[in-house]
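Engineer: My questions will all concern the structure given below.
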Amino acid sequence: MNRPAEASSLNAARRARDLDDVRRTAVVDVLVVGGGVTGTGIALDAASRGLHVLLAEQRDLAFGTSRWSSKLVHGGLRYLAGGQLGIAYESARERHVLLTRTAPHLVRALPMLLPLHPGVTRAQAALTRSGFLLGDALRRAAGTPGSVLPATRRVSRDRALELAPALRPDGLRGGQLSHDGQLVDDARLVVALARTAAAHGARVVTRCAAEELHREGAVLRDDVTGTRLDVRARAVVNATGVWADRLVPGVRLRPSRGTHLVLPAARLGHPRAALTLPVPGERNRFVLVLPQADGRVYVGLTDEPLDGPAPDVPAPPESDIAFLLDVAGSALATPLRRTDVIGAFAGLRPLLDAAPGHAPGRSADLSRRHAVLTSPEGVITVVGGKLTTYRRMAEDAVDTACANAALAAGPCRTRNLPLVGAAAPAALARVRAPARLVARYGTEAPAVLAEAGGDPALLAPVAAGVTGAELRWAVRHEGALDDADLLERRTRIGLVPGDRAAALAAARRALLP
């Protein structure tokens, strides 16, 4: 495969054509506002059922919460500890779908080690072991075989140090090794969803802000030209996450902030497994040390209530950074310092607030269950949930839209609908391209290489392993319109300011006609 299916390609020319089509269209079936994982998932679900879909995103794909996650596809273990069996099982099922059907090129098994230091008592170790065994039961119930996600097991002290060389050896009595799903990049999942939706006929338009939503459509503003569009739609879905209440004021949200640190993998001895580190004094909170494929490690995450309006790009406060360094460093032979941090990011969870009259409690205790709400004006809003369960959220939203607007559509197809680039592991192993590209682009990796056009300079890394050919691919096929789209979302170069500066000139060259 040397060229992508043009039907899935997003770029500036297609954006202009789609906007022209919208101006000429009397009415669309479903208007989706918001280009994160929920919005693009809804657009794909609706388009794959044969509905006429427009997705409008104010900024860029994955601009908000969807690029700030831990990049994990959780099996729901955390929710078992809180007695939320339904959410845990739903998470395990959706993880299975991503791992085995829809995005096996973007999701893989991640070994996760809970080191047994003296701070973890034998009673606590037994309790966590029971939780991991319940997680194994969920995995089996979801249909995920041990060949995809190996079963939990106890490992020796020496094996724990092999997996995580930076661990503090004194008092270490081994570890508990489990496995979960890890995304190569959450923003890449969003782009894949958007492109797959486009291949099924959805119009995906970024830089297009919704100024007003109502029962019969919306007023949109093209931020490239400044022109306004009155769009008529049979169903309108607000999928703007933590900003949902700006468009539908009756929605009650209580966002929480999750901060991650970026460290060089060398600082932690290039770990081969993630670390799960209990937060002292907490029953169900952990700090995770997550190795990435680009020579970095993420350390996260916090769960703190947001004070004030949700910013477009949340900033990680020093208090969060100090907390993460303290908890993670306590398990290491050499404690972490502030100077070890080469980058940091924070995301906001769109949690649904408790009902009026209920005590607010901590944001960490709020349910991660999603909700599909219909306002008195007839606008559907999707809030809550988490990245792993985006597909189920989308299915529920489209089912609601079809019921409310009497749309003629078939059943949901997305449980078995592969995203662009997806293939079974055996087929991916036969793709003639570097393993790093196959892990990010799947079967489209040879087409990404072809963007170099025989120029070896475009195959050389510009920063963090990313090549000029990848930047050109992102402009021509993934809808990147400026250097921020390229460096902050199509790639994650921008997580480290020094890398961003090194790649900026290459990004600007890729944007040239």
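Readers should treat all values here as calculations from the given coordinates under stated rules, not as data from a laboratory. Everything numeric in this text was worked out from a predicted model, so none of it was measured. Cβ sites come from the backbone with ideal geometry, for glycine too, and all protein chains shown count toward neighbours.
Engineer: Search the structure for amide H atoms under 5 Å from the amide H of His370, placed 1.01 Å from N in the peptide plane, and list their residues when 5 or more places away or on another chain.
Structural biologist: HN-HN under 5 Å from His370: Gly385.
Engineer: Looking at the square roots a ≥ b ≥ c of the eigenvalues of the Cα gyration tensor of the stretch 366-414, which shape do they give, rounded for a/c under 1.5, prolate if a/b is larger than b/c, or oblate?
Structural biologist: Numbers: a/c = 3.76, a/b = 1.26, b/c = 2.99.
Judged from the Cα gyration tensor, the stretch 366-414 comes out oblate (a/c at least 1.5, b/c at or above a/b).
Engineer: State the antiparallel share, in %, of DSSP beta bridges confined to the chain, rounding to the nearest 5.
Structural biologist: Given both bridge residues lie in the chain, the antiparallel proportion sits at roughly 75 percent.
Engineer: Let me ask something additional. Could you sort the peptides 338-349, 62-73 by per-residue average Cβ neighbour count (10 Å cutoff), highest mean leading?
Structural biologist: 62-73, 338-349
Engineer: Using only helices, what value at 222 nm comes out for the chain when you add -39,500 (n - 2.57) per DSSP H run of length 4 or more and divide by the total residues, to the nearest 500 deg cm²/dmol?
Structural biologist: Computed mean residue ellipticity for the chain: -9500 deg cm²/dmol.
Engineer: Counting pairs of alpha carbon atoms under 8 Å apart in space and at least six apart in sequence, what relative contact order in percent does the chain give?
Structural biologist: 22 percent
Engineer: What's the FRET efficiency of Leu85 with Arg246 using the Cβ-Cβ distance as r and R₀ = 41 Å, to the nearest 0.05? Intermediate values should be presented prior to the final figure.
Structural biologist: Working: r = 34 Å, r/R0 = 0.83.
Between Leu85 and Arg246 the formula returns 0.75.
Engineer: Can you tell me, using C-alpha contacts under 8 Å and at least 6 residues apart, the relative contact order of the stretch 1-84 as a whole percent?
Structural biologist: Numbers: 54 pairs, mean separation 20.4, N = 84.
The value is 24 percent.
Engineer: Next question, about the same structure. So, R0 is 30 Å and r is the distance between the beta-carbons of Ser319 and Asn284; what FRET efficiency does that work out to, to 0.05?
Structural biologist: 0.90
Engineer: What FRET efficiency comes out for Ser147 versus Ala265 if R0 is 30 angstrom and r is the Cβ-Cβ distance? Round to the nearest 0.05.
Structural biologist: The formula returns an efficiency of 0.65 here.
Engineer: Of the listed peptides 32-41, 191-200, what is their order by residue-averaged count of other C-beta atoms within 10 Å, with the highest listed first?
Structural biologist: Highest mean packing first, the order is 32-41, 191-200.
Engineer: Provide the gained length on full extension for the span Asp21 to Arg232, in nm with one decimal, where the gain is 0.36 nm per separating residue minus the Cα-Cα distance. Don't skip to the end; give the middle numbers.
Structural biologist: Details: separation 211, 0.36 × 211 = 75.96 nm, distance 1.29 nm.
Separation in residues times 0.36 nm, less the Cα-Cα distance, equals 74.7 nm.
Engineer: Further question on the same structure: Once you have the Cα-Cα distance between Ala408 and Arg337, take 0.36 nm times their residue separation minus that, and quote the gain in nm to one decimal.
Structural biologist: 19.7 nm
Engineer: Among 393-404, 308-319, how do they line up by average Cβ neighbours within 10 Å per residue, starting with the highest?
Structural biologist: 393-404, 308-319
Engineer: Quick one: net charge around Val372, please, counting Lys, Arg +1 and Asp, Glu -1 for every other residue with C-beta under 12 Å from its C-beta.
Structural biologist: Combined, the nearby Lys, Arg, Asp and Glu give -1.
Engineer: How far apart, in nm, are two points set 7 Å out from the Cα along the Cα-to-Cβ line at Arg215 and at Arg508?
Structural biologist: 5.2 nm
Engineer: By how many nm would the segment from Asn416 to Asp326 lengthen if fully extended, with 0.36 nm per residue of separation less the alpha-carbon distance?
Structural biologist: 28.1 nm
Engineer: Something else about it: Please list, in chain and number order, the residues 5+ apart from Leu72 or on another chain whose amide H is under 5 Å from its amide H, with Hs placed from the backbone.
Structural biologist: Leu183
Engineer: Related question: For the stretch 233-384, give me the percentage of DSSP beta bridges that are antiparallel, rounded to the nearest 5 percent.
Structural biologist: Antiparallel bridges: around 95 percent, rounded to the nearest 5.
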